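Notes for the one structure printed next.
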Amino acid sequence: MLYTAPTTLDAFVYRVHKQIFENARGDTLLIAFVRSYLSDYDSRIRKFFRCAELVNEEFMFIGWARAGADYEPAPYKVIYRSGTRIGARWGNFIGFLRWQRYLLATLYKHREKIAAVHCADLDTALVGYLFCWLFRKKFIFDIYDQYSSSRGVSGYASRIMNCMESYLAREAHLCIIAAEERVEQHRLQKGANAPLILENVPLEDLGAEEIPEYSGTLHIGYFGVLERRHRGIEDLVAFASSRADIHLHIAGYGAREQEVRLAASRSGNITYYGPMQWAEGVALMRQVHVIAVFIT
């Protein structure tokens, strides 16, 4: 049986508390959430923060603020700041190694308080798993996307990443995926040790609003990750650039950020807002006629 969490807040809190927080209990009650970016721009990880607050569980967040990324300070946040750019791929290798060293050192520093480590994607899971194995902590692996595919890695390196990802998913005390289709993709188990499926959907009902009045220009919005592959961002930008009756509004971050920024500077039909927090992005999408979405 695959555990799929409903989108209502009460059901989500119950399921996550049952599967994560109760499983992580020990002499300490702190869960460390780890992400190679900022929680301010990640609505998925903030769901877990909300759940932890509602059930009075202690937690901390260890994140990476890359070049130009702003964030709101908070007592539970431990942020590594560097000039590393998003999307530079192998050009970020040295910066990536420094982030891994910082992550391991931070986990070690707080080892007495940590009961479990919740890692988002492969770029935090390797260090997270090593720490949990060394110090006998609970390891939770949250797979947003297949790492090699979302980063445009192919060939031998891709096969190595896929094998590591599948191994860590099977070794985790709890594996979390965004859709049932990912079970086969990551070669995960079914039955008693099945992964927890938490879809990337809002917890609250946002409410319906009237579509803005059409005055000759169709406004299209995209709010999300600007991945290099499997998103169609480049097609969306090219389409808007070629049409005088289209205006494209894009908010987000990712590998195509510089390309989108350049396209917006060259075309009056494209507006790029940069990374936005979830509430701001939703407010922006309410002002357009059509919302472009990526469906797995």
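Annotations
- Built amide H within the under 5 Å cut-off of residue 246, gap 5+: 218
- Peptide packing: for 35-44, 176-185, 238-247, the average count of neighbouring Cβ atoms within 10 Å per residue gives the ranking 35-44, 176-185, 238-247, highest mean first.
- Charge tally around residue 175: other residues with Cβ under 11 Å, Lys/Arg +1 each, Asp/Glu -1 each, net -1.
- For segment 36-42, the Karplus equation 6.51 cos²θ - 1.76 cosθ + 1.60, evaluated at θ = phi - 60°, returns couplings of 7, 7, 10, 5, 4, 10, 10 Hz by residue, with Gly and Pro reported as x.
- Radius 9 Å from Cβ of residue 131, net charge of other residues (Lys, Arg +1; Asp, Glu -1): +2
- Protection proxy ranking for 117-123, 71-77, using the average of other Cβ atoms within 10 Å per residue and placing the highest first: 117-123, 71-77.
- Full-extension gain in nm, residue 282 to residue 265, via 0.36 nm per residue minus C-alpha separation: 3.8 nm
- Potential lengthening between residue 239 and residue 93 on full extension [0.36 nm per residue; Cα-Cα distance subtracted]: 49.2 nm
- Within the same chain, lysines fewer than 8 places from residue 109 are excluded, and of the rest, those with a Cα less than 16 Å from its Cα are 77, 137.
- HN-Hα J in Hz across segment 136-141 - Karplus 6.51, -1.76, 1.60, θ = phi - 60°, x for Gly and Pro: 6, 10, 6, 10, 10, 10
- Rounded D (µm²/s) - segment 218-291, Kirkwood Rh over Cα pairs, Stokes-Einstein at 37 °C, 0.692 mPa s: 273 µm²/s
Readers should treat all values here as calculations from the given coordinates under stated rules, not as data from a laboratory. Just so it is clear, the structure is predicted and the values come from calculations on it, not from any experiment. Note that each Cβ is placed from the backbone with ideal geometry, even for glycine, and that neighbours are counted across all protein chains shown.
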